[in-house]
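Asks: The structure under discussion is supplied below as structure tokens; questions concerning it will follow.
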Amino acid sequence: MGTRSWLSRSIVALLASATLIAGCGGSGGDGAGGYPAADRPTPTVAEPAGPASRWSAQADEVCRQTYENRGRPPQAQSGKLDDDMALAENWRANLAFVAARDLAELSGPPAGAQDLVTAFLDYQKASVQVAEIYLEGGYQPVKLQAAETARDEARTSVEGMSEKLETPSCARVVNTTE
């Protein structure tokens, strides 16, 4: 029972740390690099036009960095599969929280941007619920299936909003296993 208590405290600490993590969004300039207009290198990719496209480019970068900095899910010291599954779900929840937080901080969001943030938070909540079921232990297929269905629906919502807002990296955040 002591291991479960330790694991529960660790998971709570992981979720709490999400609020303390430094923003994953990088600080980048306008891409001009300080060159005079005549000497500015020609971009290899067409620059976004309009505020919605600029937001989408910034949002995709936020999600790309979240995905690339994800690390690996922690492993339980207990060696129990349920504990490993709980930690992995909380790791996924933390990634979704970081993405949602950083996206919410971007200025000039287009219509639908808040829906993407909400979908990430729904995914986070559902992943935490799945983790809690694993921590409860025992065979709970009905309860687990309901929580996994909610998580999968939130994943589908993030994917749909990601496509609509032209932020493909955001869909990668909720489709990671390590």
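Asks: In the set 143, 164, 80, which member is of a type outside the set (A, V, I, L, M) and without any contact (Cβ under 8 Å) to a residue 12 or more places away in the chain?
Replies: 143
Asks: Where in segment 1-119 are there helices (runs of 4 or more DSSP H), lying fully within it, with 2 or more residues that are out of contact with any strand residue (DSSP E or B) (no Cβ under 7 Å at 6 or more places or on another chain), open to solvent by less than 90 Å² (accessible area, probe 1.4 Å) and modelled with pLDDT of 85 or more?
Replies: 50-68, 81-104
The values are calculated or read from the model by the stated rules, or taken from the named source; none is laboratory data. Source: prediction; values computed, not measured. Every residue, glycine as well, gets a Cβ built from its backbone with ideal geometry; the counts of neighbours run over all protein chains shown. Quick note on the areas: whole protein, heavy atoms, side chains included, nothing else; ligands and nucleic acids left out. Shrake-Rupley method; radii C 1.70, N 1.55, O 1.52, S 1.80 Å.
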